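Visitor: Structure provided below as structure tokens; questions to follow.
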Amino acid sequence: MSDEPRVEIYTKTDCPYCEKAKDLFDSKGVDYVTYNVTGDDELFEEMVERANGRETAPEVFIDDELIGGWDDTSALDATGELDEKLGIADESDGDVVEHRRLIVAGTGIAALTAGIYAARSDNEPLLFEGDEPGGQLTLTSEVDNYPGFPEGINGSVLVNDMKEQAKRFGAEIEHGIIADVDDSERPFRVTLENGDVYTADAVIAASGASARTLGIPGEDELMGFGVSTCATCDGAFFRGEDMVVVGGGDAAAEEAVFLTKFAETVYLVHRRDELRAEDYWENRVQEKVEEGDIEVLWNTEATEIHGSQEDGVDAVDLVYNPEGHPSAKLDDPETEARSLDVGAFFVAIGHTPNTSYLEETGVELDDEGYLRTEGGHGGGQTKTDVPGIFGAGDVVDFHYQQAVTAAGMGSKAALDADEYLENEVPEAAEAEASAEAPADD
């Protein structure tokens, strides 16, 4: 009888988080079996029953114990508990695992571009994937504005191709979430959430951003039971239902359009009287409105989600005010309340930068948590207030937030880091030679 744990993963077609879960176990060399529930009602019901009513994929089990979805699995991995359950925990006592010339936080477009450039400069970068491997682009079903792809490209495909490109030049990619960077000494001391410690001569912060939620009653309780932040991942589970998408930017517009493939009607709820999305997505939404697939609820906000973990979402409470932002005007006589019967609720209201691991450093962050970099003209645009720490992508950029601008910033960060390493940090071999050389008489 084998002592190896039995790992089972329920997946679905076109599920970015399912791929992340499989990649995680692949990276650990752990075998697993998968069950694709797409189009298989019996298998889907089995998953829901075993997962205590959750209707989202992936769902991971180890020796019949429910681990949960990607967020649950990733969280256990970050603390080292997942390795304990798999019987592969490394008994370390806080010793430094490895010294690297350059560590990159993240594996989104900015981080991977930095990895490609840094590897080509022989800086042997080590990239830690973070809690959102591949970044936000892996949740995008179609990327039509990234140069070089006249027919467009799937976000996950683009990211995976970039990973392979980075590896080809010598970059290494590992699962792990950076919890802290100690800039009080050199080299920098980089600690992961599982307790592993690395040192690095330079650090590029390109850890991206995580989806925001509304913070309304019912949201946390029903997350995974009809409430979701990923239409691409979960939309197909609610085929034939009326659905709500909350938001007014590109992400919300894209998710609303995507969900028309499955929904009876998609209600796009926005607190203002116009979208913030680019013209392309506004036009796509308008096309679906004219076809009767989307109804936009202007100047409207959600205030509570109703349902249960057993039966999922069944309704959402809304408020409307003709001047917009109605939740701030509940006492206004023009504010109207209503309830809408829906079967799924998707949140697409922007992101929060993943920069908490830099809070105890000398790196300056703004009130929202975005890194402040040097900017301007010429070299050094990605430098932070701490020499040797650089920023790129969505941890810096709260304005453009495009894949192509993230890639540009990633290349700049790698070039700035290379200049710093070349001029400020001696090669290990040179340092050793200098230390061993006899003193002049």
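Visitor: Kindly indicate which of Phe44, Phe25 is outside the structural domain of Arg239 (by TED's automatic domain parsing), surrounded by 15 or more Cβ atoms within 10 Å (Cβ to Cβ) and more than 26 Å from Ile173 (Cβ to Cβ).
Guide: So the residue among Phe44, Phe25 that is outside the structural domain of Arg239 (by TED's automatic domain parsing), surrounded by 15 or more Cβ atoms within 10 Å (Cβ to Cβ) and more than 26 Å from Ile173 (Cβ to Cβ) is Phe44.
Visitor: Inspect all residues belonging to the stretch 1-22 and state whether any of them is surrounded by fewer than 20 Cβ atoms within 10 Å (Cβ to Cβ) and among the aliphatic types (A, V, I, L, M).
Guide: yes
Visitor: Follow-up. Return the residues of the stretch 62-73 that are part of a helix (DSSP H, G or I) and surrounded by 20 or more Cβ atoms within 10 Å (Cβ to Cβ); say none if nothing qualifies.
Guide: Trp70, Thr73
Visitor: Go over the candidates Glu174, Glu164, Glu193 one by one and state the one that is modelled with pLDDT under 95, under 20 Å from the mean Cα position of the chain (by Cα) and farther than 28 Å from Glu424 by Cα.
Guide: So the residue among Glu174, Glu164, Glu193 that is modelled with pLDDT under 95, under 20 Å from the mean Cα position of the chain (by Cα) and farther than 28 Å from Glu424 by Cα is Glu193.
Visitor: Checking Thr265 against (1) closer than 22 Å to Asp14 by Cα; (2) hydroxyl-bearing (Ser, Thr, Tyr); (3) surrounded by fewer than 21 Cβ atoms within 10 Å (Cβ to Cβ); (4) at pLDDT below 95, only one condition comes out false. Which one?
Guide: All conditions are met except number (4).
Visitor: Another question, if that's okay. Give the residues of the stretch 49-61 that are on the phi < 0 side of the Ramachandran plot and surrounded by fewer than 20 Cβ atoms within 10 Å (Cβ to Cβ), sorted by residue number.
Guide: Glu49, Arg50
Visitor: Continuing with this model, one more query. Can you confirm whether Phe390 is within 17 Å of Gly115 (Cβ to Cβ), within 24 Å of the chain's Cα centre (by Cα) and surrounded by 15 or more Cβ atoms within 10 Å (Cβ to Cβ)?
Guide: For Phe390, the condition - within 17 Å of Gly115 (Cβ to Cβ), within 24 Å of the chain's Cα centre (by Cα) and surrounded by 15 or more Cβ atoms within 10 Å (Cβ to Cβ) - is met.
Visitor: Hey, another quick one. Do any residues in the stretch 81-105 that are in the same structural domain as Ile204 (by TED's automatic domain parsing) and assigned to a strand (DSSP E or B) have Cβ atoms under 6 Å from those of residues that are loosely packed, with under 15 Cβ neighbours inside 10 Å and at pLDDT 90 or above, where the two are at least six apart or on different chains, and which pairs are they?
Guide: Arg101/Glu124
Visitor: When you look at Leu76, is it in a helix (DSSP H, G or I), touching a Phe, Trp or Tyr at 6+ places or on another chain (Cβ under 8 Å), surrounded by fewer than 22 Cβ atoms within 10 Å (Cβ to Cβ) and outside the structural domain of Val313 (by TED's automatic domain parsing), yes or no?
Guide: Against the criterion (in a helix (DSSP H, G or I), touching a Phe, Trp or Tyr at 6+ places or on another chain (Cβ under 8 Å), surrounded by fewer than 22 Cβ atoms within 10 Å (Cβ to Cβ) and outside the structural domain of Val313 (by TED's automatic domain parsing)), Leu76 does not qualify.
Visitor: Of the residues Ala205, Ala252, which single one is buried (at least 19 other Cβ atoms within 10 Å of the Cβ), assigned by TED's automatic domain parsing to the domain that holds Val313 and farther than 25 Å from Phe44 by Cβ?
Guide: Of Ala205, Ala252, the one residue that is buried (at least 19 other Cβ atoms within 10 Å of the Cβ), assigned by TED's automatic domain parsing to the domain that holds Val313 and farther than 25 Å from Phe44 by Cβ is Ala252.
Visitor: Here's another thing I want to ask about it. Looking at the stretch 3-27, which of its residues are within 16 Å of Phe61 (Cβ to Cβ), outside any helix (DSSP H, G or I) and modelled with pLDDT under 90?
Guide: Passing the criteria: only Glu4.
Visitor: Could I ask something else about it? Within the stretch 28-42, work out how many residues are of a type in the set (A, V, I, L, M) and in a loop (DSSP other than H, G, I, E, B).
Guide: 2
Visitor: Is it the case, given these coordinates, that Tyr32 is in contact with a Ser or Thr (Cβ under 9 Å, 6 or more places away or on another chain) and farther than 19 Å from Asp131 by Cα?
Guide: no
Visitor: Take the stretch 114-157 and flag every residue that is aliphatic (A, V, I, L, M), part of a helix (DSSP H, G or I) and over 20 Å from Val395 (Cβ atoms).
Guide: Residues satisfying the conditions are Ala119, Val157.
Visitor: Okay, moving on. Scan Leu259, Leu297, Leu318 and give me the residue that is in contact (Cβ under 8 Å) with a residue 24 or more places away in the chain and in contact with a helix residue (DSSP H, G or I) (Cβ under 8 Å, 6 or more places away or on another chain).
Guide: Just one listed residue meets the conditions, Leu259.
Visitor: Right, here's the next one. Please determine, by comparing only the residues of the stretch 284-327 that are of a type outside the set (D, E, K, R), under 27 Å from the mean Cα position of the chain (by Cα) and not in a strand (DSSP E or B), which one is surrounded by the most Cβ atoms within 10 Å (Cβ to Cβ).
Guide: Applying the filter and picking the extreme gives Val285.
The values are calculated or read from the model by the stated rules, or taken from the named source; none is laboratory data. Because the structure is a prediction, the values reported are computed rather than measured. Please note: Cβ atoms are built from the backbone with ideal geometry, for glycine as well, and neighbour counts cover all protein chains shown.
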